[in-house]
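Everything below concerns the one structure shown next.
The values are calculated or read from the model by the stated rules, or taken from the named source; none is laboratory data. Here the structure is a predicted model, which means the values were calculated and not measured. All Cβ positions, even for glycine, are placed from backbone atoms using ideal geometry, and neighbour counts span all protein chains on display. Ligands, DNA and RNA are excluded from the accessible area calculation, which covers all protein heavy atoms including side chains. Shrake-Rupley method; radii C 1.70, N 1.55, O 1.52, S 1.80 Å.
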Amino acid sequence: MIPAMLAANPRLDRWVSFEPDGRVRIAFGRMEYGQGIATALAQIAADELDAPFASLRVVPAATGDIPDEGLTVGSMSIEFSGPAIRAACAEVRALFTAAAAGRLGCDAAELDIRDGAFLKGGQPTGLDYWSLAGEVDLARAPTGDAPLKTPDRLRVVGRNEPRLDLPAKLFGEAFLHDLSLPGLRHARVLRQPSPQARLVSLDEAAVRRAVGDVDILIDHAFVALICATEAEAARAHAAAERAARWDGVRDMDPTLSEPAALKTLPYEDFAAGAPSPGPSNRRRITATYTKPFLSHGSLGPSAGLAQFQDGKLTIWTHNQGVYPMRALAARITGLEPQAIEVIHGQGPGCYGHNGADDPPIDAALIAIRRPGAPIRVQWRREDEFGFAPVGTAMLMELTAELDASDRLVDYTAEIWNTPHTGARGTAVAESALPGYVTPPKPAQRLMPDGSRFSGGLLNATPSYDIAATRTLEHVIETPIRSSSLRSLGGAANTFAAESFIDELAEAVGQDPLAYRLAMLSDPRGRAVLTRLAAMCGWADRGAAATGRGLGLAYDRHRGRGAIVACAAQVEVDTEVRLKRLWCACDGGLIINPDGAKNQLEGGMIMAASWTLKEQVKLGGAGVASVTWDDYPILRFSEIPPVEIELLNTRDTRALGLGEVSQGPVMAAIGNAVAHALGARIRDLPMTREKIVQALLTG
Amino acid sequence: MQRKIELILNGHAVSVEAEATDSLLDVLRGPLGVSGARFGCGMAQCGSCAVLVDGEEKAACAMEVGAVAGKAVMTSEGLGTPERPHPLQAAFLELQAGQCGYCLSGILVGAKALLDRNADPNRAEIAQALDWHLCRCGVHNRILEAVALAARRMREGAPA
Ligand code: FES
Ligand code: FES
């Protein structure tokens, strides 16, 4: 079967070709932003071709040059791009082998490839990919018949190849932010305080007093200050903020910062799963967990460039996909997609839909109104915190029914959240343009099996043997621009579910590990959980309520992805201190073990930070927490040692790892804190106030 | 008022026309054309823009360029090159201490300031020295280990 991404972009030469300088050119539609995807996909390609890894050249992403694979999201690059590039390389290998066999007058089965050269009976034939490149036409579709290497013959896959993108990041120039073009102009946009605000007046003279040489662009409520340098643009922008009068600014209700407020907003209901259990005499336990709005908190505020010349728009972006950017720019500017070229550059980690889509659109809107010079827009920290989409708050009400032998037999997750991908395909600048109408609700997304897809349902039902499970999701009209953040609802749902499982174990007086194993028949899951228990010394866990705690949690991501168990050791007095974290993971076939561990650990540290520290505060006209002082994250002195083990790494299928460790580590920390305190915190983040509150209410 | 400001940038005497009150970071990244110091917050809260001024670690975003006139400024470009990496850069590569990498050049500079005053820091001392540097990708442990590795190599005589 031809992998979906290859079927959608069938021409083989779009994926692989051989260059005269002895390099292999490979292209794919996934964006590198430090997750190591370019290196991993290059390893897959090198292995399937039997070409030297060092000969691979990954084509920089730009519309027209790379296959269209949509957005780089959901940790799906390895699961979807991997098979596509692998199959493409297998097809290419088969075509070249046939050509070599033709030249040598032998059977293709007699040939082998080493370092890109064809061998016959182990001896060189004088032929290699490059010498045959002229006679093999790769401008063709795959057959679907090319055999793939079996896992035991993989040599590059499974190796710790160093990341291709890292050196540039250690020696200065690497990021889109560093791109300088001749004649570049620096611009800042004076943002509407809230999407409905109308510009009443701007005292242009006051702006010009701050910066003599400023081009002030006003179109409806879209205001930009264009200068020769970044420093001038910053000064002009600061002056314009003081010199602008707005009308129709809507105040944000600060109480909406709390997830409990979700229940007060209008929502739409979606039920799925088993029918309602009806009355029974089974033991019933309920608990409610919450997670607040979170910021992606990319370390670098987003930037983008655009140039409009001869009716053609060029955009430089560090977003999650060049084709989606082209579609967005086409919709907003009214230009034909063919008139837009999008070039990708490296950016700070985005972890989902952060502000990356916005500055390039700001720049494009300016460039079209000021043709000729390239325009650069650099967002400020306050812009990234204040106007980029946030990850939605969630409230999870869980109900369990236990049978006479204390077994969990019926499970209900009732979830309140805003749409997890709500702001996809929009830009913050749009609402300032003339004739803006709120976009219609996006069409319902469906899963391959036809069921409704919702980010809020990921991991809503834990992966244990439970006779009846159901979900009831309330999707709320969001009070604030919200969109996808690493794992969507998955992490919060796992935090809730795995905290709840510990509460059930406690209610029936069982050890949390034993309680889980008793309802986990999947051998891969059992292996992971058992290994984790050994790693963290579960057997010596010790008594509760001593101020020191050990907790663990388990999850199979989305019921079919990577299998992860995490443990946390904490000390709690007036605050939670992380002492150690552990993770055991079965992610199937591992392309690059060191890269896999880097991803898992990064996810754990970020999620530990969510758990202990983070909350977006609403207020003013939107987001009130717009600096790192208002939005603290975990720091070096608070980072515990982390130990990670990978299991079952030579499986046939590779599973995404970018967003699988968050939920388990959050619940492990929650369970460790409950063990340390003898009281549970169900609302994130676990701050000093929450500790006091938990101790008071028991 | 624009004026000519002279400084030593990564070992070379340079001069630049700027307002004395412009932020050092904007002038470095703009007219001076070095990109190692990165813009992260503009409020001395994240460490992305860290530079050494006469050997002392500073947030370039919160410093006026006029204040470095006549002084030596070092950005991560002053550490080493791909051909001749500084032991810190070599250790970061060896341990693959980075994901998106946006935090790294500021952290390298902060680590250099630490190793200049303490050749054998322990984990807690490294963490303390880097504490104002944020890393959103969660690469802290690898970074702590890479700094310790570089320190060991330098004690063993690796040229810095
Ligand atoms: S940009 Fe200077 S400290 Fe953040
Ligand atoms: S590696 Fe991305 S912020 Fe540190």
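Quick look at the numbers
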item	result
Spacing of the two label points (7 Å from each Cα toward its C-beta) at residue A:241 and residue A:407, in nm	6.1 nm
Along each principal axis, Cα extent of chain B, largest first, Å	47, 31, 26
Principal axis box of the stretch A:63-189, alpha-carbon based, largest edge first, Å	66, 33, 31
Threshold 10 Å², the stretch A:140-165 residues less accessible with all protein chains present than alone (1.4 Å probe)	A:162, A:163
14 Å tail of the calculated P(r), the stretch A:80-142, as % of Cα pairs	55 percent
For chain A, projected area of the alpha-carbon convex hull averaged over all directions, nm²	32.8 nm²
Gain upon complete extension [residue A:98, residue A:338; 0.36 nm per residue less C-alpha separation]	82.6 nm
Estimated [θ] at 222 nm from DSSP helical runs (n ≥ 4, -39500 (n - 2.57)) normalised by residues in chain A, nearest 500	-8000 deg cm²/dmol
List of the stretch B:30-58 residues, accessible area with partners at least 20 Å² below that of the chain alone (1.4 Å probe)	B:35, B:38, B:39, B:40, B:41, B:43, B:45
Mean Cα-pair separation over length for the stretch B:87-155, i.e. relative contact order, pairs under 8 Å, 6 or more apart, %	53 percent
Length gained when the stretch residue A:449-residue A:200 is fully extended (0.36 nm per residue, less Cα-Cα span)	84.5 nm
Length gained when the stretch residue A:511-residue A:283 is fully extended (0.36 nm per residue, less Cα-Cα span)	80.2 nm
Using alpha carbons only: equivalent-ellipsoid semi-axes of the stretch A:405-451, gyration tensor based, whole Å	39, 14, 8
For the stretch A:552-567 versus the stretch A:142-213, the gap between their alpha-carbon centres in whole angstrom	32 Å
Cα radius of gyration and Dmax for the stretch A:531-580 (Å)	12.9, 39
Cα convex hull volume per residue for the stretch A:465-532 (Å³)	135 Å³
For the stretch A:4-157: accessible area per residue (Å², 1.4 Å)	39 Å²
Theoretical FRET efficiency, 1/(1+(r/R0)^6), r = Cβ-Cβ of residue A:220 and residue A:21, R0 56 Å, to 0.05	0.65
Normalised convex hull volume, the stretch A:546-616, alpha-carbon set, Å³ per residue	104 Å³
Buried accessible area, chains B and A (both chains, 1.4 Å probe, Å² to nearest 100)	4400 Å²
Residues in the stretch B:136-160 that, when all protein chains are in place, have 40 Å² or more less accessible area than the chain alone would give (probe 1.4 Å)	B:136, B:137, B:138, B:140, B:141, B:142
With DNA, RNA and ligands ignored, accessible area of residue A:538 (1.4 Å probe; Å², nearest 10)	20 Å²
Residues of type lysines that residue B:112 reaches as a straight line, Cα spacing below 16 Å, ignoring anything fewer than 8 places off in the same chain	B:58
Against the rule of thumb 2.2 N^0.38 Å, how large the Cα Rg of the stretch B:3-93 comes out	1.05
Ratio of the Cα radius of gyration of the stretch A:542-698 to 2.2 N^0.38 Å, where N counts its residues	1.11
Accessible carbon and sulfur surface of chain A relative to its total accessible area, %, 1.4 Å	52 percent
Alpha-carbon centroid distance for the pair the stretch B:1-22 / the stretch A:429-465, whole angstrom	51 Å
Solvent exposure of the stretch B:2-76 as accessible area per residue, Å², 1.4 Å probe	37 Å²
In order through the stretch A:478-495: 3J(HN,Hα) via Karplus (6.51 cos²θ - 1.76 cosθ + 1.60), integer Hz, x for Gly, Pro	6, x, 9, 4, 10, 7, 5, 10, 2, 6, 6, x, x, 5, 5, 5, 5, 3
Convex hull projection area averaged over all views, the stretch A:267-362, Cα basis, nm²	10.7 nm²
Whole-Hz ³J(HN,Hα) from phi, Karplus 6.51 cos²θ - 1.76 cosθ + 1.60, for the stretch B:130-143, glycine and proline x	9, 4, 7, 7, 9, 10, 7, 7, x, 9, 3, 4, 5, 5
Long-range lysine pairs (8 or more apart or interchain), chain A, Cα under 17 Å	7
Mean shadow area of the stretch A:181-293, taken as a quarter of the surface of its Cα convex hull (nm²)	13.1 nm²
Shape parameters for the stretch B:87-155, alpha-carbon atoms, Rg then Dmax in Å	10.5, 30
